[in-house]
Amino acid sequence: MANQSATKSRASSIGSHGAQELPSVIVDSYNVEAKDDEGFVGDRASRRAFHDILENWRKPLRKLGTDPFGEEDSEEIGKGRLDEILASGDAEAAAVIQSAVEEFAQELALVARRFLRLKAWDKTERIVIGGGFRHSRIGELAIARADLILKADETKIDLVPIRNHPDEAALIGCCHLAPGWIFEGHDSILAVDIGGTNMRVGVVEPNVKKAKDLSKARVWKSKLWRHADDGPKRDEAVGELVGMLSDLARRAEKEGLKLAPFIGVACPGKIEEDGSIDKGAQNLPGNWESSKFNLPKSIVAGIPELGGHETTVLMHNDAVVQGLSEVPFMDDVKRWGAFTIGTGLGNARYTNRSAVEK
């Protein structure tokens, strides 16, 4: 009974889902849906926005019958191919891409300015840019160009690409949801990154012996499921997610890793304290915003124990968690934010707790 009480006591000290106060930062704001006369501001710097811009630059050439991309839909042209053309492809096609990158950079700079006007984003010193778009040459150029645009008009902000690969950043960020004692006697955790197209799970090694600030954290193994291709129902999606986690847990145990009884989850939407999702999960399979659905509880039901201890699941917004992977590299600023460029524009703003507690 005493051991059970101790387990519950420690579990309660982990914190609540979607918490404002995390071990290293205070989450000042996230999932903001800022609007202007044209709609949601963030939509102007999304992956879809870039494809729309690319399409607009192709239209005059298409009318002349000289579109270098032919009949191919702009949304179907992948980042890798665009990067190749920009680097060494047809000059006219490269010029179209370059024009789209420039216009998108202008939109990204505009979005940054709009966010900086928000009270919760006041005095932000740096914004890290993540999401799949960042993992491309066109994405890197757009970020760098937007940074120059902002500096040219004397906006005091740095725009920088996220350091970790976008596919791994949220998994690594899950380590920053957990209090330090979680890593005592354990060398790895399970992490989940849920998106509107994919679900990714991984085993993350925090490597606290190499760096207590988690700057050496790395993904040991991961698995990806592109749920958008399968169109599952909600319960089927959760079952597949639990199955992937269970498989990785078995592989980690077989390889001699000591998994902590903790699973960090990054999920789209406004995350409530009890683990339900208030809004923003419309791209996920089924109704994830139902008051009767609770993803953390569903995961615990599927994986009640890890390493002989009761499993604890902690969930936060996906943009928040992806941004958390940058915590070790933000000790030179007090207030910073994160944008994730994907289907939409995820956003989060943080204040370093070290700055508040001094």
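Sequence-ordered 3J(HN,Hα) estimates for segment 21-33 from the Karplus curve with 6.51, -1.76 and 1.60 and θ = phi - 60° stand at 9, 10, x, 10, 9, 9, 8, 6, 6, 7, 6, 5, 10 Hz, glycine and proline given as x. Taking θ as phi - 60° and the Karplus parameters 6.51, -1.76 and 1.60, the scalar couplings of segment 82-98 work out to 4, 4, 5, 5, 4, 7, 8, x, 3, 4, 5, 5, 5, 5, 4, 5, 4 Hz in sequence order, x denoting glycine and proline. Sorted on the mean count of surrounding Cβ atoms within 10 Å across their residues, most packed first, peptides 341-349, 329-337 read 341-349, 329-337.
Along segment 180-186 the Karplus relation, 6.51 cos²θ - 1.76 cosθ + 1.60 evaluated at θ = phi - 60°, assigns HN-Hα couplings of x, 5, 4, 8, 5, x, 10 Hz to successive residues, with x for each Gly and Pro.
Using a simple spin-label model with points 7 Å from Cα along the Cα→Cβ vector, what separation in nm is obtained for E71 and D37? Here the modelled spin labels are 4.0 nm apart.
Across the chain, C-alpha contacts under 8 Å between residues 6 or more apart give a mean separation that, scaled by the residue count, equals a relative contact order of 25 percent. Applying both filters, DSSP loop and at most 11 other Cβ atoms within 10 Å, to the GluC sites (Glu not before Pro) of segment 149-251 gives E154, E184.
Taking other residues whose beta carbon is less than 9 angstrom from the beta carbon of I162, and scoring Lys, Arg as +1 and Asp, Glu as -1, yields +1. Computed over segment 10-106, the Cα gyration tensor eigenvalues convert (square root of 5λ each) into semi-axes of 41, 17, 11 Å, ordered from largest to smallest. Only Cα pairs under 8 Å and 6+ residues apart enter the sum, and on that basis the relative contact order of segment 35-161 stands at 25 percent. The percentage of C-alpha pairs in segment 35-161 whose separation is greater than 17 Å is 58%. Of interest is the spacing of the C-alpha centroids, which for segment 70-89 and segment 235-258 amounts to 36 Å. Annotation: peptides 189-200, 219-230, ranked by per-residue average of other Cβ atoms within 10 Å with the highest first, follow the order 189-200, 219-230.
Only the coordinates and a few stated rules stand behind these numbers; no lab work does. Quantities reported herein were computed from a predicted structural model and do not represent experimental measurements. In this analysis, Cβ positions are derived from the backbone assuming ideal geometry, glycine residues included, and neighbour counts consider all displayed protein chains.
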